[in-house]
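Undergrad: Mind looking over this structure? Questions follow.
Read the figures in this text as sums done on the coordinates, not as results from a lab. Keep in mind that what you see is a predicted model, and the values were worked out from it rather than measured. Neighbour counts are summed over all protein chains in view; Cβ atoms, including those assigned to glycine, are modelled from backbone coordinates with ideal geometry.
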Amino acid sequence: MEQRRLGRTDVEVSALCLGTMTFGEQNSEAEGHAQMDVAFDKGINFFDAAELYPIPAKRETQGRTERIIGTWFKKSGHRDKVVMATKVVGRTVMDWFREGGETGQLTRKQIEFAVDRSLKNLQTDYIDLYQIHWPDRNVSGFGSNPARWKDAEAVENENSIQSTLEAMKDLVKAGKVRHIGVSNESSWGTMRYVGASEHHDLPRIASIQNAYSLVNRTFETGLAEVARRENVGLLAYSSLAQGYLTGKYRNGALPAGARKTLFNKMQRYEHHRTFEAVDAYCDLAQEAGLDPAQMAIAFAKSRSFMTSVIIGATRLDQLESDIAAADLSLSTDILDKIDAIHQEFGNTAP
């Protein structure tokens, strides 16, 4: 498995990262452990979680994902061989993350509470990459470079990026966190983080975790240059467009156990142009003799601004197939045909 440098740190992570948000909802503890065993054995040394998980976010399940990873660390003894990433929630009306029913925001007190709970859940005394799951401020399109701008109202008592980094600095100094990153951020927000770290001697963000797929290449509009020039590499989520780019939902199919079938929360992909784009990419893969999911992952992995592509699955055969994309290199001809499809359809599901 190819290893890539995480930002400007001395940490090397696998080009594919195991996403774990199904652990504790779609996957049991035993199934989660089996996925981590397979991923680790195949060379993946990078796991990603969040205090929010599992998905969909619910009061009664919050934290299960980290706890399942924690029991695997204890059982396997592999903690020192895994780069563990997790996240703290940004501003939210959800009131089950903090004691006393307080709604979430990025205050020092809340960040410190969150990291201590994640450390306990993960059964570890340090987190390799601690990420801000989404901004404290209101943003257009959840911060991930929306294709269309939407004005967002200002947040009352907004916690500044500098104050967030000051809290993170103390976590790094205490040894609880090694490195920090952002998620669902914009070009403006990412550069504000970089600027604050440079001007105020604060920790530098090593990565940005945003959506990136064949049907959502908005990261390329402004953030790709930021990632390249500032060494804030992309950790791509939804590279399979929440399963649509596997082709399993084509023609209205609803496979048993699939996320769309279980939760029906994937409306961002339910547009006729998105369906047409997915069909075009899946047809291209079929013509080239490629698995459509592997083609989508290999495309994301091939980008110069990519640090690691986060993959997730509910079944081991799905996971093993996705991991096999690590060895797939797409020809110039295939890449040109992908660009031609993108030119026709654009970013249909940002």
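Undergrad: Using only the Cα atoms of segment 1-150, what are the Rg and Dmax in Å?
TA: Gyration radius and largest Cα-Cα distance of segment 1-150: 15.8, 47 Å.
Undergrad: Positive end of the charge dipole of segment 259-310 (Lys, Arg +1 and Asp, Glu -1 on Cβ, about the Cα centre): tell me which of N264, A298, L284 has its Cα farthest that way.
TA: Of the candidates, N264 comes out farthest on the positive side.
Undergrad: Go ahead and estimate [θ] at 222 nm for the chain from helices alone: -39,500 (n - 2.57) per DSSP H run with n ≥ 4, summed, over the residue count, rounded to 500.
TA: The helix contribution divided over the chain gives -11500 deg cm²/dmol.
Undergrad: Which one, E51, E320, E198, has the greatest fluctuation when you compute a Gaussian network model over the chain with C-alpha springs under 10 angstrom?
TA: Comparing E51, E320, E198 in a Gaussian network model of the chain, the most mobile one is E198.
Undergrad: Between segment 27-55 and segment 202-253, how many Å separate their Cα centres?
TA: 20
Undergrad: Considering only the chain, what is the antiparallel percent among its DSSP beta bridges, to the nearest 5?
TA: Working: 4 of 33 bridges.
Within the chain, antiparallel bridges account for around 10 percent of the total.
Undergrad: Can you check what the Kirkwood hydrodynamic radius comes to for segment 137-295, Cα pairs only, in Å to one decimal?
TA: 17.9
Undergrad: Helix 29-41 versus the longest principal axis of the chain: what is the Cα-based angle in degrees, 0 to 90, to the nearest 10?
TA: Once rounded, the angle reads 80 degrees.
Undergrad: Hey, if you put +1 on the Cβ of every Lys and Arg and -1 on every Asp and Glu Cβ in the chain, which of A325, Q131, T246 ends up farthest toward the positive end of that dipole?
TA: Q131
Undergrad: Quick check on packing: order 25-36, 174-185 by the mean number of other C-beta atoms within 10 Å, highest mean leading.
TA: Descending mean neighbour count gives 174-185, 25-36.
Undergrad: Given the C-alpha centroids of segment 90-154 and segment 273-322, what is the distance between them in whole angstrom?
TA: Centre-to-centre (Cα) distance: 29 Å.
Undergrad: Dividing the Cα convex hull volume of the chain by residue count, how many Å³ per residue is that?
TA: Numbers: hull volume 45.3 nm³, N = 350.
Roughly 129 Å³ of hull volume per residue.
Undergrad: How far is helix 187-200 tilted off the main Cα axis of the chain, in degrees rounded to 10, range 0 to 90?
TA: Long axis of 187-200 versus the principal axis of the chain: about 30 degrees.
Undergrad: Another question about this same structure. Between helix 272-287 and the chain, what is the angle of the helix's C-alpha long axis to the longest principal axis, kept within 0 to 90° and rounded to the nearest 10?
TA: 60
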